[in-house]
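The values are calculated or read from the model by the stated rules, or taken from the named source; none is laboratory data. All values reported here derive from a predicted model rather than from experimental measurement. Here the Cβ positions follow ideal geometry from the backbone for every residue, glycine too, while neighbour counts run over all protein chains shown. Each accessible area value is taken on the protein alone, full model and side chains, heavy atoms only, with ligands, DNA and RNA left out. Shrake-Rupley method; radii C 1.70, N 1.55, O 1.52, S 1.80 Å.
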Amino acid sequence: MEIGYIGLGNMGGALAERLQLARPLKVYDANADAVRRLVDAGATACRNAGEIAADCDIIFLCLPTSEHVRSVVFDAEFSARLTPGTIIVDQTTGNPNATRDMAAVLRERGIALIDAPVSGGWRGAQAGTIAIMVGAPDADFERIKPVLDDVTCNVFHAGDTGAGQVIKLVNNMLSGAQRLLTLEGVALAAKNGIDPTRATEILTAGGGRNVFLEKFMPRVIDGALAPGFTLGLLLKDLRLVCELGSASGVPMFLGDLTRDLYQWHVNELGGACGQRLRTCLSVRGQAITREGK
Ligand code: NAD
């Protein structure tokens, strides 16, 4: 069994490094620095995606969007070198409908494309606790599960192809909204004289507890958060989830509001801005600073 990984950015790089601890990997990224980091961790570099298609029977992808996935998977050289029996595991937070369309085309050639997006960031990948949400037919899930188990103890089969991306989009709507609400809440407490660290401690013990409060707020207050997930990528997820809501006839009152709030942040700061960096700025500049600067 030969395994390849294409897309070694903030998330894919961390996932590939974790997998590389258990299984030898061949890797490719358009960015040579990203490839070098994985080679330093023990992986073998390929010169292009086509080499991975030729050499590997399991191919992981972690690219910004489903459009990037389509451009790699249907690139003439890559596509020509894929052999029947290959399974492509797409870890991109992508568009479930686009994934289903691509999977249907590849299935005609005996090639499986399944979705396996993640939540938990690079720290979760490093710790082996990141959640992997798989959309795949049962047989493909059983085939890939032992490999995913080498990345994390949290592998979930959400349903058929596309279901992993559906639940991942729902996840990002919840986490995006709770992040903003938590910042407002701690800001309000701080402006009314409660130390932000104390506010976080108290709220974490109460019914307002959430992952952002527990894991991220202490680092926000310390100014120790490193940007790892850009505003542009989160906005992409919020657009996708709201489109899915409309297509499914589900009112998205809070989802739409959350998308528009992040759109505003992107307009102000640019999509390349680290979401966590923005978090630090907003908390320090507008909110938590007691002097009200
Ligand atoms: P990133 O921009 O850091 O990395 C993307 C990588 O893909 C880059 O290294 C880029 O060079 C490479 N790439 C782009 N097009 C390519 C091509 N045609 N061929 C080869 N390489 C190509 O993005 P990221 O933060 O790693 O996010 C990747 C996906 O994971 C996104 O869908 C994102 O929403 C999702 N995700 C990210 C995080 C996070 O914490 N960063 C968490 C969960 C999910």
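Computed in the context of the full set of protein chains, the accessible area of the chain at 1.4 Å probe radius has 55% of its extent on carbon or sulfur. Note on LYS168: lysines with a C-alpha under 28 Å away, same-chain residues under 8 apart excluded, are LYS26, LYS145, LYS215, LYS236. By the rule of a C-alpha distance below 13 Å, with chain neighbours fewer than 8 residues away ignored, the aspartates and glutamates paired with LYS191 are GLU291.
Accessible surface calculations at 1.4 Å, restricted to protein heavy atoms, place the stretch 118-181 at 41 Å² per residue.
Between ARG209 and VAL170, the simple label model (points 7 Å from Cα in the Cβ direction) yields a spacing of 2.3 nm.
What the Cβ-Cβ distance of GLU268 and LYS191 gives, at R0 = 22 Å and to the nearest 0.05, is a FRET efficiency of 0.55. Label positions at ALA247 and ALA139, each projected 7 Å from the Cα along the C-beta direction, are separated by 2.6 nm. Using a Debye calculation, one point per C-alpha and no hydration shell, please list log10 I(q)/I(0) for the chain at q = 0.12 Å⁻¹ in order. Values returned for q = 0.12 Å⁻¹ are -0.79.
Counted as membrane-span-like here are DSSP H helices of the chain whose alpha-carbon atoms extend 30 Å or more along the helix's own axis and whose Kyte-Doolittle mean is 0.0 or above; these are 163-191. Helical content alone sets the calculated 222 nm signal of the chain at -16500 deg cm²/dmol, taking -39,500 (n - 2.57) per DSSP H segment of four or more residues and averaging over every residue. Extending 7 Å from Cα along the Cβ direction at LEU21 and again at ARG123 yields two label points whose distance is 1.6 nm.
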